[in-house]
Amino acid sequence: MGGGRKSRKRKHAQKEDGGAAAEGGVFTTPDGRELPAGLEKFWHRRHRFFWRFDEGIEIDEVGWYSVSPETLAEHTAVRIAQLYNDPAGEAGYGRLCVVDGCCGVGGNAIKFASWCEHVIAVEIDPRRLAMACNNAQVYGVDGRIEFVAADFFDVAPALAADVVFLSPPWGGVDYSAAAVFDLDSLPFHTAREWLDAARQAAPNVVMFMPRSCDPRQLAELCPDVPCDIELNYSDGFLVAITAYYGDIARVRRSRPRALPRQDRPHNAVMGVE
């Protein structure tokens, strides 16, 4: 009987949220988008990823399962923004440059731009980068973001920032198949290679990693600098682990302080040879 109640509740919730039931491996959203059936659960959580989703947010299949919940992205941004706090008056709050090395459709970059002066958003897929630019416009923060279409490893040596944030590809939705995620099993580059590349661009690095990875392995990636491992929860469930390396590891979240709005006309999508 309990299973029946859950089934009716699930159907009722789907009816309120809209969208046609998945048939033939395809789920059709109320606005006519056709998504793989496996993404239906992400669609129903869309406002957790972007609370302004209905105002023109663009997202592709990879974006659906790689974007961070907005509350978590904001938590990370607020912590990073405190790197140069002046204990007396917090005059340095947010006065820094953050590189998002794998910005995807812009979820984290948008929050960095909400709390920090300047953001460099790097994405290897030009189409996905264009989506990030559009989404930043929806949130009104595109004036703080420099969009760069490139492989992060190609441009990292030429970048100069205060913090690099990395949420590298985890291997798609199948990353959770292993009980313990091995940091050496990341696609394309190992976690250590990502970290070494990031340290060419900034003295502080933040890595957003799978919930099933071993925190001890994360700490051992860079034993010569301070490291803080943060367990990230959403709705009471562990969803990811964030590792902070460098002086940023000593920063703890305090009361958020919004930066003055800036309307700098710098929202072009840039290509790097």
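The values are calculated or read from the model by the stated rules, or taken from the named source; none is laboratory data. Small disclaimer: the values here were computed from a predicted structure and weren't measured. With ideal geometry, Cβ positions are generated from the backbone for all residues, glycine too; neighbour counts draw on all protein chains shown. Protein only, heavy atoms only, side chains kept; ligands, DNA and RNA dropped before computing areas. Shrake-Rupley method; radii C 1.70, N 1.55, O 1.52, S 1.80 Å.
Could you list, in sequence order, the residues of region 6-32 that are within 26 Å of Glu74 (Cβ to Cβ) and either at pLDDT 80 or above or touching a Ser or Thr at 6+ places or on another chain (Cβ under 7 Å) (or both)?
Thr29
I want to confirm something. Restricting to region 49-66 and keeping residues that are at pLDDT 90 or above and β-branched (Val, Ile, Thr), which single residue is least open to solvent (accessible area, probe 1.4 Å)?
Here the answer is Ile57.
When you check Pro265 against the structure, is it modelled with pLDDT of 50 or more, closer than 28 Å to Ala158 by Cβ and open to solvent by 40 Å² or more (accessible area, probe 1.4 Å), yes or no?
Considered against the rule, which asks whether it is modelled with pLDDT of 50 or more, closer than 28 Å to Ala158 by Cβ and open to solvent by 40 Å² or more (accessible area, probe 1.4 Å), Pro265 comes out as no.
Based on what the data block shows, is Asp182 within 19 Å of Ala243 (Cα to Cα), modelled with pLDDT of 95 or more and open to solvent by 30 Å² or more (accessible area, probe 1.4 Å)?
Against the criterion (within 19 Å of Ala243 (Cα to Cα), modelled with pLDDT of 95 or more and open to solvent by 30 Å² or more (accessible area, probe 1.4 Å)), Asp182 does not qualify.
Quick check on region 93-114. Is at least one of its residues of a type in the set (Asp, Glu) and outside any helix (DSSP H, G or I)?
Yes, because at least one residue in region 93-114 is of a type in the set (Asp, Glu) and outside any helix (DSSP H, G or I).
Residue under question is Cys222, and the condition is that it be open to solvent by less than 10 Å² (accessible area, probe 1.4 Å) and farther than 22 Å from Val98 by Cβ; does it hold?
no
Among the candidates Asn135, Asn232, which residue alone is within 24 Å of Val78 (Cβ to Cβ), in a helix (DSSP H, G or I), open to solvent by less than 30 Å² (accessible area, probe 1.4 Å) and of a type in the set (S, T, N, Q)?
None of the others qualify; the one that does is Asn135.
So Leu35 fits all but one of (1) at pLDDT below 85; (2) open to solvent by 30 Å² or more (accessible area, probe 1.4 Å); (3) among the aliphatic types (A, V, I, L, M); what number is the exception?
Every listed condition holds for Leu35 apart from (2).
In region 185-206, which residue that is in a loop (DSSP other than H, G, I, E, B) and not polar (S, T, N, Q) is most open to solvent (accessible area, probe 1.4 Å)?
Phe188
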